[in-house]
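I have a structure here, written as structure tokens, and I will follow up with some questions on it.
The values are calculated or read from the model by the stated rules, or taken from the named source; none is laboratory data. All figures in this text were calculated on a predicted structure; none of them were measured in a lab. Here the Cβ is made from the backbone with ideal geometry for all residues, glycine too, and neighbour counts use every protein chain on show. Surface accessibility is based on the protein's heavy atoms, side chains included, excluding ligands, DNA and RNA. Shrake-Rupley method; radii C 1.70, N 1.55, O 1.52, S 1.80 Å.
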Amino acid sequence: MERPGAYGFSAAMSGTFLLSCLLFAAVSRRQRGPYMDEAFHVPQAQAYCRGRFAQWDPMITTLPGLYLLSVGLLRPAAWLLGWTGGVLCSVPMLRFVNLLFSAGNFYLLYLLLFKIHQKNKAVSAFQRILSALTLAMFPTLYFFTFLYYTDPGSVFFTLFSYLMCLYGNHKTSALLGFCGFMFRQTNIVWTVFCAGNVVAEKLNEAWKIELQKKKDEKISSRKGSISDLTRILQFLVEYLLSPKNLVKLTALTWPYIILVSLFFVFVFINDGIVVGDRSSHEACLHFPQLFYFLSFTMFFSFPHLLTPTKIRKFLLSLRKRPVQYSLIAVISLFLIWKFTYVHKYLLADNRHYTFYVWRKVFQRHELVKYLLVPFYIFAGWSFSDTLKSKSVFWILMYFVCLVAATVPQKLLEFRYFILPFLIYRLNIPFLSLYRQLLEVAFYILVNAVTFYLFLNRTFRWENNDEVQRFMW
């Protein structure tokens with residue numbers, strides 16, 4: 001990092017951390033006790049703080065990574081600073097762990113942007129810092145910085161694992177992937193993604209050699225006709241069926257293979273991926289989750305995805321390939337018809353934004369979910385168009401991981417979209433400075449509204465004296 005860039009990054013990170021500390025103080029004053037899922041996480045961490053590692057709340061569905069790390073951080077701090085009594089693992093101190101993760105995420109996002117886009121010399125240090133700041137303030141993630149949830153730590157270890165993968169430190173990457181798995185079991189998908197990065201890179205190299213051999217410059221590994229795609233798929237099958245290539249790929253990805261194998265052993269022994277309460281976390285083929293994710297991404301990345309140029313290009317593509325888009329529309333309608341599930345939490349808990357999205361949009365009329373298909377198709381096209389700088393093998397690998405991370409989830413929960421969104425956002429080209437400023441201003445506005453509602457627009461349920469707050 002050059003000196004001006006280092007100074008700029010230090011200033012941005014310090015300023016963001018100071019702002020986060022002020023928000024942290026406001027949240028801690030207004031909501032002193034555990035709120036929502038904190039009612040399970042906080043007592044479990046406090047039990048670990050007291051050395052009761054055999055104690056476990058059966059309502060918790062994730063592994064104890066958050067609690068173990070919290071104790072590992074807070075106990076040495078308490079010894080050094082002379083803390084006694086209930087200060088050690090109090091609610092504010094446990095929440096402060098996530099504030100540290102948030103600072104770490106800012107740094108990792110900057111390093112990832114630098115690594116992924118290092119060949120793009122047109123991108124200034126200021127743009128990288130601004131983009132890292134924007135993603136660090138991504139509203140759905142940033143909000144949970146101030147509560148004792150698994151999200152900030154889960155994102156930290158997953159991003160760290162991805163960074164080490166990009167630098168070729170695969171054993172370290174797999175170890176960090178294990179830490180991410182200990183925070184949330186579904187993070188195993190992003191371990192597969194890291195392995196897929198290695199495989200996609202080797203496939204792309206072999207594909208370029210194949211093109212040179214055949215001297216067929218019209219075929220591209222990034223975009224093309226159906227015949228081009230067929231040839232790429234044929235090449236993919238032939239490459240992966242070669243014992244020599246499989247041995248080579250195994251030698252490169254064995255740390256990830258070991259971790260994924262351990263995951264399957266865990267699933268077999270545990271009789272499922274969820275620990276604790278499974279009644280509300282049943283896996284299913286909820287294909288409309290892909291459409292919800294595309295809508296979510298369109299909302300938070302509208303400077304990238306919703307532009308006049310993209311709309312014109314989409315309409316031109318629509319006019320050129322009406323049969324293909326008609327087929328996509330029919331498939332989408334079928335998936336919505338047969339695979340739409342509504343979780344009981346979505347209908348019952350009016351503290352979450354998803355409750356109002358579902359009630360105000362999808363419950364207005366039975367046909368609304370079908371009428372949104374044209375929007376989903378445009379969102380999917382625009383989403384794919386921003387990834388055209390990546391190889392077709394990378395896109396295929398990312399799409400497989402996206403499906404694995406979202407489709408099995410029955411509950412519509414925006415937190416499940418955080419990691420696939422960040423991975424996507426890190427890998428698309430930089431915008432103009434004007435659009436970057438528009439994006440960060442939009443994130444600041446969404447965060448301001450969210451914190452205002454959470455802190456000031458409280459309400460109560462009938463027959464319940466506890467104060468309720470709006471949140472993601």
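Taking the options Gly86, Gly8, name whichever one is of a type in the set (Gly, Ala, Ser), open to solvent by 20 Å² or more (accessible area, probe 1.4 Å) and in contact with a helix residue (DSSP H, G or I) (Cβ under 7 Å, 6 or more places away or on another chain).
On inspection, the qualifying residue turns out to be Gly8.
Now for a different question. Hey, among Lys213, Lys208, Lys202, which residue is modelled with pLDDT of 90 or more and of a type in the set (D, E, K, R)?
On the way: Lys213 fails: modelled with pLDDT of 90 or more; Lys208 fails: modelled with pLDDT of 90 or more.
Lys202 is the lone residue from the list that is modelled with pLDDT of 90 or more and of a type in the set (D, E, K, R).
Starting from region 245-266, keep only residues that are closer than 17 Å to Thr172 by Cβ, then list their pairs with residues that are open to solvent by 60 Å² or more (accessible area, probe 1.4 Å) and assigned to a helix (DSSP H, G or I) whose Cβ atoms are within a distance under 6 Å, requiring at least 6 positions of separation or different chains.
Pro255/Lys171; Leu259/Phe178
If you check every pair at least six apart or on different chains, which have Cβ atoms under 6 Å apart with a residue in region 174-193 that is surrounded by 23 or more Cβ atoms within 10 Å (Cβ to Cβ) first and a residue that is at pLDDT 95 or above and not in a helix (DSSP H, G or I) second?
Pairs that qualify, where the first residue is surrounded by 23 or more Cβ atoms within 10 Å (Cβ to Cβ) and the partner is at pLDDT 95 or above and not in a helix (DSSP H, G or I), are Phe183/Thr150; Arg184/Thr150.
Being under 30 Å from Leu252 (Cβ atoms), aliphatic (A, V, I, L, M), open to solvent by 10 Å² or more (accessible area, probe 1.4 Å) and more than 15 Å from the chain's Cα centre (by Cα) is the requirement here; does Ile116 meet it?
Yes.
If you don't mind, another one. Name the pairs: first residue in region 282-302 and within 16 Å of Phe442 (Cα to Cα), second residue basic (Lys, Arg), Cβ to Cβ under 9 Å, at least 6 apart or on different chains?
Thr297/Arg425; Phe300/Arg425; Ser301/Arg425
Name every residue in region 312-321 that is free of Cβ contacts under 8 Å to residues at least 40 places away in the same chain and either under 22 Å from Glu439 (Cα atoms) or in contact with a Phe, Trp or Tyr (Cβ under 9 Å, 6 or more places away or on another chain) (or both), in order of residue number.
Matches in region 312-321: Arg312, Leu318.
Of the numbered conditions (1) of a type in the set (A, V, I, L, M); (2) within 21 Å of the chain's Cα centre (by Cα); (3) assigned to a loop (DSSP other than H, G, I, E, B), Leu99 fails exactly one; give the number of that condition.
(3)
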